[in-house]
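Structure incoming, see below.
The values are calculated or read from the model by the stated rules, or taken from the named source; none is laboratory data. Every value quoted in this text rests on a predicted model; they were computed, and no experiment measured them. Reconstructed Cβ throughout: ideal geometry from the backbone, glycine too, with neighbour counts over all protein chains shown.
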Amino acid sequence: MAEAFPDIQQIRYEGPDTTNRLAFRHYNPDEMVAGKSMADHMRFSVAFWHTFRGTGSDPFGVGTMQRPWDDGSESIENAQNRVRAAFEFFEKLGVKFWTFHDRDVAPEGETLAESNKNLDEVVKVIKEEQERTGIQLLWGTACLFANPRYMHGASTSCNADAFAYAAAQVKKAIEVTHDLGGHGYTFWGGREGYMTLLNTDMGRELDHLAKFLHMAVDFKKEIGFQGQFYIEPKPMEPTKHQYDSDAAACVAFLQKYGLIDHLKLNLETNHATLAGHTMAHEMETAIHFGVFGSVDANAGDVMLGWDTDQFPTDIYLTTEIMLRIMKAGGLSPGGLNFDAKVRRESFEPVDLFHAHVGGMDAFARGLKIAAKIREDKALADFISDRYSSWDRGIGAKIEAGEVGFAELEEYMLDKGEVDPNRSGRQEMLENVINDYIA
Ligand code: XUL
Ligand code: CO
């Protein structure tokens, strides 16, 4: 196959003063920041579905993307060529990881057996390309939402056969992920939710979702797959209410069904904002409950209420994310997966490079800023001082479990009133962060 991106050279770090738009200004993979290389801090990954299957179509018009290597057919040969084009892209961009759904990489056949065979044919080329380049699979997943058989959901469908089909499909997808040395496997509940409660037995559907995940955990053990399982929260779209609506809902679900030790969360920025949360909130929640796993890095549009999946360019956002990743002690075996797509109007192949280069540079800046904030303890000192009443006296006794309501009543009757409150200083802290970002 001829080169897919013949006019594009390896993207290199050239520093902030370069005039070359196809160079990194900030992302310098081997540069050490807070004791670790930038590449290891961020573990960037490209999402095959957006970057190599996104057509640019929307409800009002057909696709716009120019992809000269893709003949638009559903042939195996075309699917294999797409994979070769993708690995050329990953290599030139300098990422070490990628992600895919089963049906992105290989066409669905007339039967499950045919679909599995198609997948095997493409996996052969994926293996060759992974070996040739050293690029690794961050996680694999199965598309359990596009085919009409999944109109009511997959594991939460009212149709038991849809559950069975989804199980067979996920079994194969996990096998393939294992075979490709994947670091993880993600469950995003594409249509696991409902459009109306009028026709829905919600409790029964949740039980089925849990049963499905338990089967996956059993199967993982059976074949010796060591990768991390992730559940990916999203509150809506395509259904009105998705069961994995946010990090807290996922934690409650995982705890109730005894799955908390088997799955972590793959948090996505635009999903957090759709749920009415910041990404920082979702990350704090996941870290606190011990289920922070990986990140689908993108951004929404503040004016639009749907999943726009844009590339992250906001340094404030990337700083907040890197602060939490460092707080969590790093991302591995997860990564920063660009689950993001170029706009319909950005239809040339080179736009794929501009988009990813921008996202990687935005995170590189976020990393450096976050490292400095942590090094200076610019927030940490303020926060520990804010809670200092818990380090001594009555606060320490409460935390140690030494007192109950009766002792606290006695303490307060004696004291009469609480110690004076101190300002939360939100505006000052916002100014502090701005000084670091400048
Ligand atoms: C959908 C979404 C998915 C998952 C993988 O909003 O984020 O692409 O990341 O199925
Ligand atoms: Co995602």
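The rows are residues; the columns are (1) within 14 Å of ligand 1 (Cβ to nearest atom); (2) in contact with a Gly (Cβ under 8 Å, 6 or more places away or on another chain).
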site	(1), (2)
LYS124	no, no
GLY134	no, no
THR156	no, yes
TYR165	no, no
LYS172	no, no
GLU175	no, no
PHE212	no, no
PHE219	no, no
PHE229	yes, yes
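Of the residues in region 4-52, how many are closer than 22 Å to ASP104 by Cβ and surrounded by fewer than 19 Cβ atoms within 10 Å (Cβ to Cβ)?
Result for region 4-52: 2.
(1) assigned to a helix (DSSP H, G or I); (2) in contact (Cβ under 8 Å) with a residue 60 or more places away in the chain; (3) over 17 Å from PHE311 (Cβ atoms): which one isn't true of PHE87, the others all being true?
(2)
One line per residue, one yes/no per condition, for (1) assigned to a helix (DSSP H, G or I); (2) acidic (Asp, Glu):
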position: GLU320; (1), (2): yes, yes
position: GLY334; (1), (2): no, no
position: ASN337; (1), (2): no, no
position: ARG343; (1), (2): no, no
position: VAL350; (1), (2): yes, no
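Another question about this same structure. Only residues in region 233-258 that are within 17 Å of GLY290 (Cβ to Cβ) and in a helix (DSSP H, G or I) count as the first member; pair them with residues that are away from ligand 1 (no atom under 12 Å from the Cβ) and aromatic (Phe, Trp, Tyr), Cβ under 8 angstrom, at least 6 apart or cross-chain, and list the lot.
Correct list of pairs: ALA247/PHE289; ALA249/TYR243; VAL251/PHE289; PHE253/TYR243.
From the residues in region 82-114 that are β-branched (Val, Ile, Thr) and out of contact with any Phe, Trp or Tyr (no Cβ under 6 Å at 6 or more places or on another chain), which one is nearest to ligand 1 (Cβ to nearest atom)?
So the first thing to find is which residues in region 82-114 are β-branched (Val, Ile, Thr), and the list is 83, 95, 99, 105, 111.
Then drop every residue that is not out of contact with any Phe, Trp or Tyr (no Cβ under 6 Å at 6 or more places or on another chain), which leaves 83, 105, 111.
Working: VAL83: 18, VAL105: 13, THR111: 23 Å.
This residue is VAL105.
Something else about it: Mind listing just one residue for me: the one in region 287-309 that is under 15 Å from LEU336 (Cβ atoms) and of a type in the set (Gly, Ala, Ser) and, of those, surrounded by the fewest Cβ atoms within 10 Å (Cβ to Cβ)?
Restricting to residues being under 15 Å from LEU336 (Cβ atoms) and of a type in the set (Gly, Ala, Ser), the top hit is ALA299.
ARG191 is checked against (1) away from ligand 2 (no atom under 16 Å from the Cβ); (2) farther than 23 Å from THR285 by Cα and fails just one. What number does that condition carry?
(1)
Hey, among ALA297, ALA340, which residue is under 21 Å from GLY140 (Cα atoms), in contact with a His (Cβ under 8 Å, 6 or more places away or on another chain) and either within 14 Å of ligand 1 (Cβ to nearest atom) or free of Cβ contacts under 8 Å to residues at least 24 places away in the same chain (or both)?
That would be ALA340, the only listed residue that is under 21 Å from GLY140 (Cα atoms), in contact with a His (Cβ under 8 Å, 6 or more places away or on another chain) and either within 14 Å of ligand 1 (Cβ to nearest atom) or free of Cβ contacts under 8 Å to residues at least 24 places away in the same chain (or both).
Restricting to region 185-206, give me the number of residues that are outside any strand (DSSP E or B), more than 18 Å from TYR230 (Cα to Cα) and of a type outside the set (A, V, I, L, M).
Here is the first cut: in region 185-206, the ones outside any strand (DSSP E or B) are 188-192, 195-206.
This time we only want the ones that are more than 18 Å from TYR230 (Cα to Cα), so: 195-205.
Then drop every residue that is not of a type outside the set (A, V, I, L, M), which leaves 196, 199-201, 203-205.
Number of matching residues: 7.
Is it true that some residue in region 194-202 is surrounded by 20 or more Cβ atoms within 10 Å (Cβ to Cβ), within 22 Å of the chain's Cα centre (by Cα) and either within 23 Å of HIS241 (Cβ to Cβ) or away from ligand 1 (no atom under 14 Å from the Cβ) (or both)?
No, region 194-202 contains no residue that is surrounded by 20 or more Cβ atoms within 10 Å (Cβ to Cβ), within 22 Å of the chain's Cα centre (by Cα) and either within 23 Å of HIS241 (Cβ to Cβ) or away from ligand 1 (no atom under 14 Å from the Cβ) (or both).
Residue by residue, here is whether (1) within 21 Å of GLU284 (Cβ to Cβ); (2) loosely packed, with under 15 Cβ neighbours inside 10 Å; (3) within 14 Å of ligand 2 (Cβ to nearest atom); (4) among the small types (Gly, Ala, Ser) holds:
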site	(1), (2), (3), (4)
LEU213	no, no, no, no
GLU222	no, yes, no, no
GLN226	no, yes, no, no
PHE229	no, no, no, no
LYS240	no, yes, no, no
SER245	yes, no, no, yes
ALA248	yes, no, no, yes
VAL251	yes, no, no, no
LEU265	yes, no, yes, no
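Also: With the requirement that a residue be acidic (Asp, Glu) and crowded, with 18+ Cβ neighbours inside 10 Å, what does region 313-353 give you?
Answer for region 313-353, where residues must be acidic (Asp, Glu) and crowded, with 18+ Cβ neighbours inside 10 Å: GLU320, ASP339.
Is it the case that ALA275 is within 14 Å of ligand 2 (Cβ to nearest atom), aliphatic (A, V, I, L, M), more than 13 Å from the chain's Cα centre (by Cα) and surrounded by fewer than 22 Cβ atoms within 10 Å (Cβ to Cβ)?
So ALA275 passes the test.
Something else: Without any contact (Cβ under 8 Å) to a residue 12 or more places away in the chain, away from ligand 1 (no atom under 16 Å from the Cβ) and either out of contact with any helix residue (DSSP H, G or I) (no Cβ under 7 Å at 6 or more places or on another chain) or outside any helix (DSSP H, G or I) (or both): does that describe GLY181?
no
Output the residues belonging to region 396-438 that are over 18 Å from GLU320 (Cβ atoms), charged (D, E, K, R) and surrounded by fewer than 12 Cβ atoms within 10 Å (Cβ to Cβ).
Within region 396-438, GLU399, GLU402, GLU409, GLU410, ASP414, LYS415, GLU417, ASP419, ARG422 qualify.
Which of the residues belonging to region 300-317 are modelled with pLDDT of 95 or more and among the aliphatic types (A, V, I, L, M)?
ILE315, LEU317
OK, next. Is it the case that some residue within region 99-115 is aromatic (Phe, Trp, Tyr), out of contact with any Gly (no Cβ under 9 Å at 6 or more places or on another chain) and either assigned to a strand (DSSP E or B) or farther than 29 Å from ALA328 by Cα (or both)?
Applying the first criterion (aromatic (Phe, Trp, Tyr)) to region 99-115 yields 100.
Okay, now just the ones that are also out of contact with any Gly (no Cβ under 9 Å at 6 or more places or on another chain), so none.
Scanning region 99-115, I find no residue that is aromatic (Phe, Trp, Tyr), out of contact with any Gly (no Cβ under 9 Å at 6 or more places or on another chain) and either assigned to a strand (DSSP E or B) or farther than 29 Å from ALA328 by Cα (or both), so the answer is no.
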